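A quick write-up on the structure given underneath.
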């Protein structure tokens, strides 16, 4: 029973503290020109400032000035240390040694150009005077980055050009038109080719270049040049500079730089020998048989497909040679070096590098793509609008190392806005890409290493923007014989499966990636048996993607079939669609990858599933859907790499491989085992699979690590199981063969002998396949381990209803599979908090606990489900939470005030409370575990004014027709407790019980003798009882 004394409750005050800023700093720049953001890249951005410079400066100087506040001339006149610092910060691709090897511009003697001068223009080897010297201000700047045509006109010449802008800008460099500065259209229309001065890079002949102006309005400025000039062009570009002050020489100077570039495509492939006449070929885009350098102009559709790493399986045992392709749209046939398109001229469904941002504006697809929990909304990812400065070539020292460099642009304002980029500040995105395909360190996989550098001044996509990179691959199997069309079954819906768990590296203990597998028949081979092929995507690299998944593939840019009014998705921004089951039948890659609030942002990464487990295949009506693989390098990954500020580089890696002979894959039913000296049978169970071999042997070692990269060196003494597929089983095998092996008497005896020391031990399990005609040597599986006699902990937690700890945890230990019972209330009175740490039975959690001055009681009718059971056999601890509830009752009452009255006479009188709506309502807060009925009682002391008392005073508590009279005590004694309310219980949704009296009155019997005037007071003591 708990007693509550009447008390006065005052209102509480809460003081709110406001945190003030620690300082306000105003940074003011005066009289200085701040340098622009540092930018790395090759000709990715126009010069930020362009005064005139000598025409024959070294190319590296002109390139170095890009992205700095200096002209090439001013750059070369800087102190050598400052030049070196700028190169390292802005252009790390330019050797710093150039600084010490190049004389300052003041010591350079101009070289005189030779050749015939066309009549319509004036040639000079000197540039225009510095723009600052022009009376009406600096020059209006244009930087036009253009690809040279690959086909000449009838005279054997090539032409590039750009229109004049309708309005000029004297402070910003224009990149898509000729900047007319403050010129009027009349001044533009008066221009003649002879009004231009032309400067060319060293090695070029100015006489080889002709300036022309269109007569049509608006006018176009064009440069025409011969094959000789075109042959000097590089992927980075060569800068032809035009300057003019107008027909009369009195206009603001215009400085127009044409950076003319041509692609350089040396389209080769790398080779990894697989044995048995099979080769893995890897390349960018499709296989190509030629090895000559090609400078053909690359179309936009070809550009978007060029940066797609690809692998083919080549079977040289057939005649003609058979090629097995692994990506949709790959025909295995490429007619020209510049052909990067897919089947029948359509773009590849696989994507090149794509970007997305977490705060991009969402896109919604209807119809089939709007089902279940998926409302059809996803975040878009985008490929580059355009690639410039393309350069593909094999490494000088190793032809198996393939390089591809380019500058990727997104200039489409609609796309930039979709990515939530301020196009006023950032009119275009430029990213320099350097991609390399090469053998991995063990020369059994292709490794893609892609370095991307932010070459966009002022764009630092961090924080809310959450920039991330995405790649998608449209997986498929197809057989070709160097023909233009695919033959045989392309198996475009081959299931995507998980690779085995990693034994080391970043993904140790987790699935390393994904693979697809298929069987390709060989009608022209000497054997009727098919080749089994497995293409894997391995992400176990420190720079590997942190998000990936297998999914249904819908190509980027592919219109989504829909029957709703939302219309098809024809924006060219969809990455792919992932059908992941009945609840959300269709979900885009970008929906999964793009927003943590819309699904697991890492897709299927971070799993620890048995190798070969299906990651994706169509279900029901979606059974035949195209399959694909997506990868994401998240914003978190980019931030961990140091962010993506201008000039910063982020590296991305994945490995691709083809296997025609597959290692087996093994999985165990448990990873913990208890071995006792009196134990009879010792059993180890699991499953093993091998896609091409008919038979597999499973072995184990005890306390001995193994290296499965050399199967011939593996111990084979302890055979655990033999597994074999039945004759006629379809290859590739896609099912596991189960085994439940009991150790032999000798094996069990050896294991007991090893474990009798009471220490922990490790069993290592692995499988070795039996080679058949598709493989020359045996292959070993992944490694699985079993911890033997490893102590397992049962951690007991004692918490309140909110999960807060009431006392320290108690840990009990035993062996895997040992029985425990920490809720033995039936046969034991022992407390688990006082029994030994190795005691697993014969005790129970304490019934009550005291914490913070409060008493808590265990709810025995709601004990944790795992309070009794066996210690786990596949992990090393189990947490058991006993929840307690406070057992206190809280009663809130008010002071009773009966007002001011005349002295009573001889008749009995009673007085009501002055504020019955307030004073007559009590509140009980019940935090007990049970909800047993409560009884409220009251006792009353004598009323006294210090000198006299009110004889026989009493309080009457009335509820409806029921009332209770509480008599006052005499002297200092309290009166007898009297029940004033009973059967009090709270509702299921609340812990409070309001107790409302219709009236509370002070009664005095009919004898006023001896009562004097004054202020009388008494004490009421209330008691709550739950009968316990």
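The mean sequence distance of close C-alpha pairs (under 8 Å, at least 6 residues apart), as a share of the length of the stretch 792-886, puts its relative contact order at 39 percent. When only Cα pairs under 8 Å and 6 or more residues apart are kept, what is the percent relative contact order across the stretch 666-809? Relative contact order, the stretch 666-809: 32 percent. Hey, how many Å between the Cα centroid of the stretch 976-1010 and the Cα centroid of the stretch 137-197? Cα centres, the stretch 976-1010 to the stretch 137-197: 97 Å. Taking packing as the residue-averaged number of other Cβ atoms within 10 angstrom, the listed peptides 919-927, 256-264, 984-992 run from highest to lowest as 256-264, 919-927, 984-992. Once the mean of 1/r is taken over each pair of separate Cα atoms and inverted, the stretch 671-773 shows a Kirkwood hydrodynamic radius of 15.1 Å.
Sort 827-834, 931-938 for me by packing, meaning the mean count of neighbouring Cβ atoms within 10 Å per residue, highest on top. Before the final figure, lay out the partial values.
Working: 827-834: 14.1, 931-938: 17.2.
Order by mean packing, descending: 931-938, 827-834.
For the stretch 188-264, what relative contact order do you get, as a whole percent, if you take Cα pairs closer than 8 Å and at least 6 residues apart? Provide the component values of the computation, followed by the final result.
Values: 117 pairs, mean separation 24.3, N = 77.
This gives 32 percent for the stretch 188-264.
Every read-out reported here was derived from the displayed coordinates using simple, explicitly stated rules and does not represent laboratory data. Everything numeric in this text was worked out from a predicted model, so none of it was measured. Cβ atoms come from the backbone with ideal geometry, glycine included; neighbour counts cover every protein chain shown.
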